[in-house]
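The values are calculated or read from the model by the stated rules, or taken from the named source; none is laboratory data. Keep in mind that this is a model prediction, so the values were computed, not measured. Reconstructed Cβ throughout: ideal geometry from the backbone, glycine too, with neighbour counts over all protein chains shown. Calculation scope for accessible area: heavy atoms of the full protein, side chains included, ligands and nucleic acids excluded. Shrake-Rupley method; radii C 1.70, N 1.55, O 1.52, S 1.80 Å.
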Amino acid sequence: MVIDDNFLLNSETARRLYREHAAKLPIIDYHCHLDPKMIAEDHRFESITELWLGGDHYKWRALRSNGVPERFITGDASDREKFMKWAETVPYTFRNPLYHWTHLELKTAFGIELPLNPETAAEIYDRCNEMLRNDPDMTARGLMRKYGVEVVCTTDDPVDSLEYHKAIRESGFEIKVLPTWRPDKAMAIETGEAFVAYIRKLEEVSGVKIDSVGSLIAALDKRHDFFEENGCRLSDHGISEFYADDYTEAEIEQIFGKALAGECLHEADVRKFKSKMMYEFGRMDASSGWTQQFHYGTIRNANTKMLREIGPDTGFDSIGEFNTAQSCARFLDRLNLEGALAKTILYNLNPSANEVMATMLGNFQDGSVPGKIQLGSGWWFNDQMEGIRRQLDALSLLGLLSRFVGMLTDSRSFLSYPRHDYFRRILCDLIGSDIEKGLIPYQGYEAARVDAMIEDICYFNAKNYFNF
């Protein structure tokens, strides 16, 4: 495999579209999990292991699948030992996107074109670490500059102080680093004591005494305003499924009271409370002119043993099977009837729902904003070549690809920006192939429209849609 200028570009038309219209555009990474503290402090990484393997559950899953003991993944092995185990694993990742991503990242960040394997591992480890120690641009901010990043939106809880976002802004850093409102814990009533502890924390940071649903909403409204004052323009919701059950306000007050008292809740109670909270979150976002994002379809923390040992977000989640089309439609319709449906991006984790969600968009487009309701990019287990193509195909066939707001990293790593380039190459190859097959005209006005479409999907649609 050679990752050169023509990587993934299988026609001359695709190569021209990429070079002239996609390659050099800035990056708007409107959903990620970067640590704003690292950006505020312009963190310098101790080693390639910290930068590359720390927190990357994609790689952790591959390491476990290759029989690597946990000590060399999240345990107490040295950075060098952990890197060597990854180098041993990489040659076993053929046809997994990790193989491409690994070598894209080595080339674009470090200029290393050697394949990573046990024979090259020591040289690559030492070369990377030398650059991380001595190159003044190999820091958190330097890597963001290197990849042409213009805007980053992190993922933040309503109780967060946003102190590091403020510090970044006040430092004069030229790249916008904006918070994203992620209120999942505020509706996680099924977690019992953890939910009550969260409510007390929310009470503390908001200055609102929370003893009823009304005061809970008031506290969240106050924090929502605080986020807006600090540049927030998006919310994000990590849900297994959409919630749109019928409820009365009296029922919700009773359910909330039971939760605060530590009483057991029935599944119907949980669903009703989540339905209420999702409606309220949607109302807040519409009132502020934000975009709401919904990442749904995950089975999280399936391995209870490992959850207890090393915690959540460590690589033990999977695609779920949820019949959510009807509840999604009810949820969006409920907000739409109240004139409170914000711009919305729907991300499905199960690729079998691509067409389901692609048809959902058209139900609620209202002519106010091009592509007001979006089918989110291939997410998590789908942000690889086939997953991206399937998402692009579904949106093309059932919606308007031309209005798509494009790719994001959804990553905790400062080396994940090549995923934007990976996406751009796949997009250009897809459109270039259609042109060469005669499926898309490429002359005169239509040629200019195709060129503009590539640029729009890679950059301008996001820039205009989010209005950062």
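Looking at GLY438, is it in a loop (DSSP other than H, G, I, E, B), modelled with pLDDT of 95 or more and open to solvent by less than 20 Å² (accessible area, probe 1.4 Å)? Write out each step before concluding.
Numbers: in a loop (DSSP other than H, G, I, E, B): yes; modelled with pLDDT of 95 or more: yes; open to solvent by less than 20 Å² (accessible area, probe 1.4 Å): no.
No.
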* **Residue that is farthest from PHE460 (Cα to Cα), among those in segment 5-35 that are open to solvent by 60 Å² or more (accessible area, probe 1.4 Å) and of a type outside the set (S, T, N, Q)** => ASP35
* Residue within segment 226-247 that is open to solvent by 10 Å² or more (accessible area, probe 1.4 Å), closer than 30 Å to ASP383 by Cβ and of a type in the set (Ser, Thr, Tyr) present -> yes
* **Selected residue (criterion: farthest from the chain's Cα centre (by Cα)) from residues of segment 226-235 that are more than 21 Å from THR344 (Cβ to Cβ) and in contact (Cβ under 8 Å) with a residue 24 or more places away in the chain** => PHE226
* Counting residues that are of a type in the set (Val, Ile, Thr) and at pLDDT 95 or above, which helices (runs of 4 or more DSSP H) fully inside segment 1-108 reach at least 1? -> 12-17, 36-40, 48-52, 79-89
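Take the residues of segment 270-295 that are open to solvent by 10 Å² or more (accessible area, probe 1.4 Å), of a type outside the set (A, V, I, L, M) and in contact (Cβ under 8 Å) with a residue 40 or more places away in the chain: which is nearest to TYR465 (Cα to Cα)? Spell out the reasoning first.
To start, the set of residues in segment 270-295 that are open to solvent by 10 Å² or more (accessible area, probe 1.4 Å) comprises 270-272, 274, 276, 279-280, 283, 286-289.
Narrowing the set further to residues that are of a type outside the set (A, V, I, L, M) leaves 271-272, 274, 276, 279-280, 283, 287-289.
With the extra rule that they be in contact (Cβ under 8 Å) with a residue 40 or more places away in the chain, the set shrinks to 274, 276, 279-280, 283, 287-289.
Details: LYS274: 28, LYS276: 27, TYR279: 23, GLU280: 23, ARG283: 19, SER287: 17, SER288: 15, GLY289: 11 Å.
Looking at residues that are open to solvent by 10 Å² or more (accessible area, probe 1.4 Å), of a type outside the set (A, V, I, L, M) and in contact (Cβ under 8 Å) with a residue 40 or more places away in the chain, I get GLY289.
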* Asked: Under the condition of being open to solvent by less than 40 Å² (accessible area, probe 1.4 Å) and touching a helix residue (DSSP H, G or I) at 6+ places or on another chain (Cβ under 7 Å), which residue from segment 345-366 is farthest from ASP410 (Cα to Cα)?
  -> PHE364
* Asked: Residues in segment 385-396 that are surrounded by fewer than 21 Cβ atoms within 10 Å (Cβ to Cβ) and either basic (Lys, Arg) or in contact (Cβ under 8 Å) with a residue 40 or more places away in the chain (or both): how many?
  -> 3
* Any idea which of (1) under 15 Å from the mean Cα position of the chain (by Cα); (2) closer than 27 Å to ARG283 by Cα is the one PHE381 doesn't satisfy? -> (2)
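In contact (Cβ under 8 Å) with a residue 40 or more places away in the chain and either charged (D, E, K, R) or touching a strand residue (DSSP E or B) at 6+ places or on another chain (Cβ under 9 Å) (or both), is that true of LYS24?
On the way: in contact (Cβ under 8 Å) with a residue 40 or more places away in the chain: yes; either charged (D, E, K, R) or touching a strand residue (DSSP E or B) at 6+ places or on another chain (Cβ under 9 Å) (or both): yes.
In short, yes.
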* To do: Tell me which residues, restricted to segment 388-405, are more than 13 Å from LEU346 (Cα to Cα) and either in contact with a Phe, Trp or Tyr (Cβ under 7 Å, 6 or more places away or on another chain) or among the hydroxyl-bearing types (Ser, Thr, Tyr) (or both).
  => ILE388, SER396, SER402
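With respect to GLY444, is the statement that it is small (Gly, Ala, Ser), at pLDDT 95 or above and surrounded by 21 or more Cβ atoms within 10 Å (Cβ to Cβ) true?
Working: small (Gly, Ala, Ser): yes; at pLDDT 95 or above: yes; surrounded by 21 or more Cβ atoms within 10 Å (Cβ to Cβ): no.
Criteria not met by GLY444.
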* **Contacts under 8 angstrom Cβ, first residue in segment 325-343 being farther than 15 Å from MET284 by Cα and open to solvent by 20 Å² or more (accessible area, probe 1.4 Å), partner among the small types (Gly, Ala, Ser) and outside any loop (DSSP other than H, G, I, E, B), 6 or more apart** => ALA325/ALA353
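Out of the residues in segment 113-162 that are assigned to a loop (DSSP other than H, G, I, E, B) and hydroxyl-bearing (Ser, Thr, Tyr), which is surrounded by the most Cβ atoms within 10 Å (Cβ to Cβ)? Let's see the steps before the verdict.
As a first pass, look at segment 113-162 and keep what is assigned to a loop (DSSP other than H, G, I, E, B): 113-120, 135-139, 147-148, 154-155, 157-162.
Next, only the ones that are hydroxyl-bearing (Ser, Thr, Tyr) stay: 120, 139, 147, 154-155, 161.
Working: THR120: 15, THR139: 19, TYR147: 19, THR154: 23, THR155: 21, SER161: 11.
Filtering first and then ranking leaves THR154.
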* Would you check if there is a residue in segment 36-44 being open to solvent by 30 Å² or more (accessible area, probe 1.4 Å), in contact (Cβ under 8 Å) with a residue 40 or more places away in the chain, at positive phi and in contact with a helix residue (DSSP H, G or I) (Cβ under 8 Å, 6 or more places away or on another chain)? => yes
* To do: Report yes if ALA87 is small (Gly, Ala, Ser), within 26 Å of MET453 (Cα to Cα) and crowded, with 18+ Cβ neighbours inside 10 Å, otherwise no.
  => no
* **Hits in segment 415-449 - residues which are touching a residue at least 60 places away in the same chain (Cβ under 8 Å), of a type in the set (Val, Ile, Thr) and out of contact with any Phe, Trp or Tyr (no Cβ under 6 Å at 6 or more places or on another chain)** => ILE426, ILE431
* Asked: Is segment 243-265 home to any residue that is in contact (Cβ under 8 Å) with a residue 12 or more places away in the chain, within 29 Å of LEU408 (Cβ to Cβ) and not aromatic (Phe, Trp, Tyr)?
  -> yes
* **Top-ranked residue in segment 340-354 [being under 21 Å from TYR30 (Cα atoms) and of a type in the set (A, V, I, L, M); ranked as farthest from the chain's Cα centre (by Cα)]** => LEU341
